[in-house]
1. In the chain, with Lys and Arg counted as +1 and Asp and Glu as -1 at Cβ, which of these residues, 189, 8, 179, has the Cα nearest the positive end of the dipole, that is, farthest along it?
2. Using a 1.4 angstrom probe on heavy atoms only, work out the carbon and sulfur share of the accessible area of the chain in %.
3. Decide, for segment 1-116, between rounded, prolate and oblate: order the square roots of the alpha carbon gyration tensor eigenvalues as a ≥ b ≥ c, take rounded if a/c falls under 1.5, and otherwise choose prolate if a/b is larger than b/c, else oblate.
4. Using a 10 angstrom cutoff on alpha carbons, build the Gaussian network for the chain and name the most mobile of 209, 111, 185.
5. Can you tell me how segment 163-229 classifies by the Cα gyration tensor, rounded, prolate or oblate, using a/c under 1.5 as the rounded cut?
6. Hey, with R₀ at 35 Å, roughly what FRET efficiency would residue 203 and residue 23 work out to, going by the Cβ-Cβ distance, to 0.05?
7. Using the heavy atoms of the protein chains and a 1.4 angstrom probe, tell me the accessible area per residue for segment 89-214 in square angstrom.
8. Are there any trypsin sites (Lys or Arg not before Pro) in segment 14-55 that are in a DSSP loop and have at most 10 other Cβ atoms within 10 Å? List them by number.
Amino acid sequence: MTVLALVPTIRELDALVAAFDHMGLTGEPVKLGRLEAISYLSGRAVVVEGGLGKAQFATHTLHSIDALSVVSVAMCIGSAGGLSPDLAIGDVIVATETVEHDFNRNLIPGPAPEFAGDLRYIAAMQEAEAFNTLPFSVHFGRVASGDESIVTTSRANELRDTTGAVAAAWEGAGGARASKFADVPFLEVRGISDLADEEAESVFFENIPATMKNLAIFLNKFIILMSPA
């Protein structure tokens with residue numbers, strides 16, 4: 001198994017690498033075409049900066065997929081704002097669907113594009129008891145994807161009502177589109193760094209280390225459980 005884990009920003013990537021270091025997981029620098037990446041667990045995880053926003057993330061996703069000989073699953077892994085009252089800071093969300101909420105058709109009415117997470121991996125995670133024993137909660141639900149920071153309660157409520165999403169983030173739809181084009185399974189996995197409200201701007205950055213630590217634990221568990229025996 002090879003998991004291509006694309007982390008949107010360098011701040012999130014540095015926090016994920018620091019968490020892996022703390023866990024005793026040593027990475028090896030590798031080149032993915034024109035991108036610098038880090039290989040973990042004997043190549044079962046390759047971690048690379050995905051870039052901020054849907055377009056940049058799609059570019060890095062497709063470039064990284066093309067540079068690897070085999071990709072079992074491409075994963076967008078980073079922080080998100082929680083839209084559901086059932087979520088707490090540090091919880092992890094596995095996107096059952098990624099909804100591109102800022103795809104504004106205007107003259108051509110229609111629903112927002114959405115991309116299902118890989119059903120095989122999602123089903124396997126839902127059935128694995130090990131994900132219920134992690135030191136944080138793992139949820140499954142829709143994630144709203146758009147290049148917009150959600151920082152008011154009114155906007156968060158509007159987005160939840162129009163998309164049915166439990167969390168909001170930027171890059172997932174870009175990764176989903178690139179993975180679909182490359183015919184590679186895709187998952188969006190997000191850690192809750194804020195609650196998409198008026199406090200989001202002040203707590204987002206301070207919560208990134210803890211959020212990415214939980215995602216590092218999740219990713220390690222995912223690889224261990226999903227790798228062929």
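1. Result: 179.
2. 53
3. Here segment 1-116 falls in the oblate category.
4. 111
5. Taking the square roots of the gyration eigenvalues as a ≥ b ≥ c, segment 163-229 is oblate.
6. Efficiency computed from Cβ-Cβ geometry: 0.90.
7. With the other protein chains kept in place, segment 89-214 gives 48 Å² per residue.
8. Passing sites in segment 14-55 are 34.
The values are calculated or read from the model by the stated rules, or taken from the named source; none is laboratory data. What you see is a predicted model, and the numbers here were worked out from it, not measured in a lab. Heads up, the Cβs are rebuilt from the backbone with ideal geometry, glycines too, and the neighbour counts pull from every protein chain shown. Areas reflect the complete protein model, heavy atoms only, side chains present, ligands, DNA and RNA absent. Shrake-Rupley method; radii C 1.70, N 1.55, O 1.52, S 1.80 Å.
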